[in-house]
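This report refers to the structure that appears directly beneath it.
The values are calculated or read from the model by the stated rules, or taken from the named source; none is laboratory data. Because the structure is predicted, anything quoted here is derived from the model rather than measured. Neighbour counts run over all protein chains shown; Cβ positions are idealised from the backbone, glycine included.
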Amino acid sequence: MSEEVKLSKVEFLKAESRQLRGTIAEELDPGLECFSEGNANLLKHHGTYQQDNRDTRSGGKSYMMMVRSRIPGGALTASDLLTELDLCDEFGNGTLRITSRQGLQLHGVLKNDLKATIRAINERTTLTTLGACGDVNRNVMACPAPFRNDPVRDQMQRLAQELANHFAPKSTGYREIWLQDSEGCETKVAEFKPVDEPIYGERYLPRKWKMGIALPDDNCVDVLTYDLGLAAIPENGRITGYNVYVGGGQGMKPAQKNTFPAVGRKLAFAAPDQVIAVIEAVVKCWRDHGNRADRSQARIKYLLRDWGFEKFAAEVAKYYGQPLTPPHPVEITDVSDHIGWFEQGDGKLFLGINVDNGRIKDEGSLRLKTGLRALLRRFPQPIRLTALQGLILCDIEPQDRPEIDSILAEHGIKGADELTLLRRYAISCPALPTCGLSVTDSERVMPGVVDALEVELQKHDMIGERIAVHMTGCPNGCARPYTPDIGLVGKARGKYTLYLGGNPLGTRVGFIYQDLVPLEDIAKTVSPLLGYFKAERQGAESFGDFCARKGLEDLQAFVAKMN
């Protein structure tokens, strides 16, 4: 990068941080109420965000930490999940959250408990928080379905782990700060000696980097919404290679017209023995040429816009050292939520369990947290987390199914046949009261939104329709709200921008149908369009496909005639 290029203050912070150490160790001092702005930024690379309770902010900020575990492919053990449930009681707010990117988050961790929490995750589980956030590669997603008669899914899971290891930061600061005793940590920090960061360099990446791996007929992890996505091309029970997509991204700022959500475009086809090298070439190209002056422009989708796709592809080929192979013609065609009972393919079963908004807690008749503890203590099976904030219990013996169903029912946990597809495909971000970027609620109000939409679907005799609804408390798009059938993006307190025209497959960005829709009006705003969809849909098209085909003006004209 040219020295004449103006850099943002975050770039100087990273370069001067002694490979992400900053003065984090010193600011762990229990006498300090919170971390400084600079260290709070560096802490993201260690898997934690400094937050405060915005419900009580009028009385002064009440600081706390969110701690995120990085879980490639969403794969963890029963012991891992049980331990995280214990940690949410020991150090957090009593709840555990499954993220929309197959991770786990502890909320409400006090600053003075942060080191003990991160240390416990590393020592008592197979997980880590390193690289779960920050300007590095974040959690690598992969289809979680454990079909054993098809080695393709296992190959995808292995690649997710390989990519996570390959793109993990090499800095030893994480171990020194969190996993050594205080005296040792201070000594190591004082004697800082840099290690080689061959992929990231001294400033790491311009911003966060997200990747995922899916199948063309099951894009369950939304690979087109990330900086880089891989669509595996299977033939005769093995993966022959991957279509590499680049340039996806959900974040935007409505006030800045040069920001936008995007879905990825096919860049190349990469054989299994080439794919990591191709991805590294893409990452290094963006590392060297991405915008480091304006963080709102620091995503690969904006480099593609500025350069054009052909120039970008040619530059990646230079980093790769040879021409890129043209992509395979296959397209993404379907998606599954993997909820319910399935034959695993080896004589065993797996069970996908829906978790509304990913929040594992006991509330009213739904004792999800207690039920999962009882289930996993009795049946300590491997776990997979889904991109729709659910979880999968793997390797179940068929004779255990009745007892498992009984445990679930006893704790009010509903099976797939007791839930609408609308509810199963709905996700949200945490938003208020903890997220510092949120402008309104998301997770706390999403159950009511789904309830109200279910009422409207019932009115139209469409309760069995698969319609994906994603909600976020701000335009940053953590729950991928720009690509489903219905997207709800927080715009002001209690008001949302309503997007239509995406689909459950995540292959298209929707359009703004109406801005500043009050929370209580969301369902009744959508309802007449559901009736229109039922009357004029073509074949098996989805609600989002219907809205995209009709377009904004046609939908508005129809509703105007109704009024």
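Computed quantities for the displayed model
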quantity: Neighbours by Cβ (under 7 Å, 6+ apart or cross-chain): first from segment 149-166, touching a residue at least 60 places away in the same chain (Cβ under 8 Å); second in a loop (DSSP other than H, G, I, E, B) and buried (at least 17 other Cβ atoms within 10 Å of the Cβ); calculated: Met156/Cys143
quantity: Some residue of segment 434-451 being touching a strand residue (DSSP E or B) at 6+ places or on another chain (Cβ under 9 Å), on the phi > 0 side of the Ramachandran plot and either outside any helix (DSSP H, G or I) or in contact (Cβ under 8 Å) with a residue 12 or more places away in the chain (or both); calculated: no
quantity: Matching residues, segment 260-280, being within 16 Å of Pro326 (Cβ to Cβ) and of a type in the set (A, V, I, L, M, F, W, C); calculated: Leu267, Ala268, Phe269, Ala270, Ala271, Val275, Val278
quantity: Complete set of residues in segment 32-49 that are closer than 25 Å to Asn139 by Cβ and touching a residue at least 24 places away in the same chain (Cβ under 8 Å); calculated: Phe35, Gly38, Asn41, Leu42, Lys44, His45, His46, Gly47, Thr48, Tyr49
quantity: Test for Asp154: is it surrounded by fewer than 16 Cβ atoms within 10 Å (Cβ to Cβ), part of a helix (DSSP H, G or I) and at negative phi; calculated: yes
quantity: From Ser69, Ser58, Ser17, residue being touching a residue at least 24 places away in the same chain (Cβ under 8 Å) and out of contact with any strand residue (DSSP E or B) (no Cβ under 9 Å at 6 or more places or on another chain); calculated: Ser17
quantity: Matching option when the condition is surrounded by 19 or more Cβ atoms within 10 Å (Cβ to Cβ) and closer than 17 Å to Leu419 by Cβ, among Gly390, Gly340; calculated: Gly390
quantity: Some residue of segment 28-40 being buried (at least 20 other Cβ atoms within 10 Å of the Cβ) and of a type in the set (D, E, K, R); calculated: no
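Every residue, every condition in (1) more than 18 Å from the chain's Cα centre (by Cα); (2) not assigned by TED's automatic domain parsing to the domain that holds Ser438; (3) not β-branched (Val, Ile, Thr), yes or no:
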residue	(1), (2), (3)
Pro194	yes, yes, yes
Ile233	yes, yes, no
Arg238	yes, yes, yes
Tyr242	yes, yes, yes
Tyr245	no, yes, yes
Ala255	yes, yes, yes
Val263	no, yes, no
Phe269	yes, yes, yes
Lys284	yes, yes, yes
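So that you can scan it fast, the table gives a plain yes or no per residue for (1) farther than 22 Å from Phe167 by Cβ; (2) under 23 Å from the mean Cα position of the chain (by Cα); (3) not assigned by TED's automatic domain parsing to the domain that holds Thr386:
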residue: Asn93; (1), (2), (3): yes, yes, yes
residue: Ile98; (1), (2), (3): yes, yes, yes
residue: Gln102; (1), (2), (3): no, yes, yes
residue: His107; (1), (2), (3): yes, yes, yes
residue: Arg124; (1), (2), (3): yes, no, yes
residue: Phe147; (1), (2), (3): yes, yes, yes
residue: Pro151; (1), (2), (3): yes, no, yes
residue: Asp154; (1), (2), (3): no, yes, yes
